[in-house]
Structures are given as structure tokens and as C-alpha cells.
Amino acid sequence: GAGVSQSPSNKVTEKGKDVELRCDPISGHTALYWYRQRLGQGLEFLIYFQGNSAPDKSGLPSDRFSAERTGESVSTLTIQRTQQEDSAVYLCASSGAARDRGGTEAFFGQGTRLTVV
Amino acid sequence: QKEVEQDPGPLSVPEGAIVSLNCTYSNSAFQYFMWYRQYSRKGPELLMYTYSSGNKEDGRFTAQVDKSSKYISLFIRDSQPSDSATYLCAMSARISNYQLIWGAGTKLIIKP
């Protein structure tokens, strides 16, 4: 595909259930980000993958959150034992090789709107 | 203190006004400076990109970087209602593996 693809677009889950969110980055992009955005709020950094470097997980809010990425392809964000405060839009972004303008242009997916009831 | 500070607004101006949006930062290693625009219920999209200090103009938009003051600006001339959106600044540095660091975003409202 031409852009970053996220699935599902919307997810409603019961409190305490686990959810898995998927991100397909643009082919060839080495960098991948996950962000959380609550209504009317800014981007909350969660995790950053860059090539073969160790991911920066410093933004994950608790040990209920984890993310994986296989090489430079698909990434999944998993939230275990979901809580109501996890309700938000989860955005994935990818960017090109670091040599390309410092990997500056991040392309965003349409997001997954997660609602925990 | 956050690495990048940005007033969340909202900033409301009449149509046709010149808009000035700003960010300050603390990390002198930042080299790449960007402005993204985010419409409601959409992901952010890159609007302007600048490397190091200086000005860059693209149509009605001008980006300025003053590294000595650790201050960046985005100016919008002849503002239109369609410019109403949230504007986020972002910056990165080679030393931190080009990881983007974001401001909180400023909500801009252009009144017809």
C-alpha cells in the first residue's frame, strides 16, 4: 500500500480484556513510532523502533503495554488487562532512512480508536 | 521541564490575519525542525521542514529557526478558515537516532 495502514480502525473492548493493534508501515521505512492521543490532547509518545537499534520503550505507561516489530515490517501494540483510561486513539507513524532528511517526515496511519467499556 | 514547549492555545484570529505559532526547546543538539498540521480526527501531516537555522517559505507559510535562542516559529499569511487545525512542532537530532520530539500542539481557529 501507499501509506501507513492500521487495523482495526475502531475497537471496543471490555475492561480487563487484552487487545492487539496492528501497524503496517510504508515499505522500506526503517523508523516506526507508536503514539497515544486522547481527545483534545497532544501526541503521547509510547515507543520508537529504528532499524536494528534497541527500541526506545521509555514512553510505555505501564507493563501492561508492549510492542513488537519484526525487522522493518509490521508492528503490533498489545495492551493487556485493558482499563478505561486506556481509551484513546492509537497512532502509528513511520519514516524513511535516517539519512533522508534526518528521517524527518513521519507518515501517520489513520489510527485505531480504542474504547474500553 | 519538557524538551519542547508549545502553547496549546486555542489561538483564535480573524480571517486574513497573520498568524504566529512558536515553540521553544532546550536540547541544543536538535538539527531538524518540522511543523505538522493535524485536522480533527486525522493523523498529523508534514507542513514545513527546516534544517538548522534560517527561514523557509512555502506559499503562505514561513518557518523560522533561531538556534541561538532555541526558538522556532511558523507564520501563516492571509489566514483562511481552512487553516483551522492543530499545529505541532517536532524536532530531531542525529545523536538521538533522529527520534522525533514533539510539542504539545497549538489549536488554531480562523474565524470567517
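For a label point 7 Å from the Cα of B:Ser96 along Cα→C-beta, name the residues of segment A:40-72 whose backbone N is under 18 Å from it. Taking a point 7 Å out along Cα→Cβ of B:Ser96, the residues of segment A:40-72 whose backbone N falls under 18 Å are A:42-51, A:53-61.
Got a sec? Charge dipole of chain A, +1 on Cβ for Lys and Arg, -1 for Asp and Glu; which of A:Ala67, A:Ala93, A:Val116 is way out at the positive end? Of A:Ala67, A:Ala93, A:Val116, it is A:Val116. My understanding is that a pair violates if its Cα-Cα distance is over 26 Å; which of B:Lys42/B:Lys111; A:Lys17/A:Lys57; A:Lys15/B:Lys107; A:Lys57/B:Lys67 do that in this structure? As for pairs spanning more than 26 Å Cα to Cα, those are A:Lys15/B:Lys107; A:Lys57/B:Lys67.
Net charge within 13 Å of A:Pro55 by Cβ-Cβ distance, Lys/Arg positive one each and Asp/Glu negative one each, not counting A:Pro55 itself?
Summing Lys and Arg as +1 and Asp and Glu as -1 gives -1.
About its Cα centre, the dipole of the protein assembly as shown is roughly 180 debye, where the only charges are +1 on Lys and Arg Cβ and -1 on Asp and Glu Cβ. Buried accessible surface for the A/B pair, both sides summed and rounded to the nearest 100, is 1600 Å² with a 1.4 Å probe. The mean accessible area for residues of segment A:5-116, using a 1.4 Å probe and ignoring ligands and nucleic acids, is 47 Å² per residue.
Work through the residues other than B:Ala17 whose Cβ is under 13 Å from its Cβ and net out their charges, Lys, Arg +1 and Asp, Glu -1. Residues near B:Ala17 contribute 0 overall. Dipole magnitude for chain B: about 180 debye, using +1 per Lys or Arg Cβ and -1 per Asp or Glu Cβ, origin at the Cα centre. This model, with +1 at the C-beta of Lys and Arg and -1 at the C-beta of Asp and Glu, gives chain A a dipole about its Cα centre of some 180 debye. Looking at segment A:16-101, the trypsin sites (Lys or Arg not before Pro) that sit in a DSSP loop and have at most 10 other Cβ atoms within 10 Å of their own Cβ are A:Arg99.
Under a Cβ-Cβ cut-off of 13 Å, what is the net charge of the residues other than B:Ile76 that fall near it, where Lys and Arg count +1 and Asp and Glu count -1?
On the way: positive: B:Arg37, B:Arg60, B:Arg77; negative: B:Glu15, B:Glu57, B:Asp58, B:Asp78, B:Asp83.
Neighbour charge sum, excluding B:Ile76 itself: -2.
Spin-label pair A:Glu20-B:Ser53: with each label point 7 Å from Cα along the Cα-Cβ axis, the two points sit 5.1 nm from one another.
Pop out the carbon and sulfur fraction of the accessible area of the protein assembly as shown as a percent, whole number, probe 1.4 Å. Carbon and sulfur together cover 46 percent of it.
Tell me the relative contact order for chain A as a rounded percent, counting alpha carbon contacts under 8 Å between residues six or more apart. Could the numbers behind the result be given before it?
Working: 288 pairs, mean separation 43.5, N = 117.
Contact order relative to length: 37 percent.
Checking buried surface per residue: for segment B:78-112, which residues lose a minimum of 40 Å² accessible area in the protein assembly relative to the chain alone (1.4 Å probe)? When all protein chains are present, B:Asn97, B:Tyr98, B:Gln99, B:Leu100, B:Trp102 each give up 40 Å² or more of accessible surface.
Restricting segment A:1-79 to GluC sites (Glu not before Pro) that sit in a DSSP loop and have at most 11 other Cβ atoms within 10 Å of their own Cβ leaves A:Glu14.
The values are calculated or read from the model by the stated rules, or taken from the named source; none is laboratory data. Just so we're clear, the structure is a prediction, and the values are computed from it rather than from any experiment. Glycine also receives a Cβ, built like all others from the backbone with ideal geometry; neighbour counts cover every protein chain displayed. The area values use the complete protein model at the heavy-atom level, side chains included, leaving out ligands, DNA and RNA. Shrake-Rupley method; radii C 1.70, N 1.55, O 1.52, S 1.80 Å.
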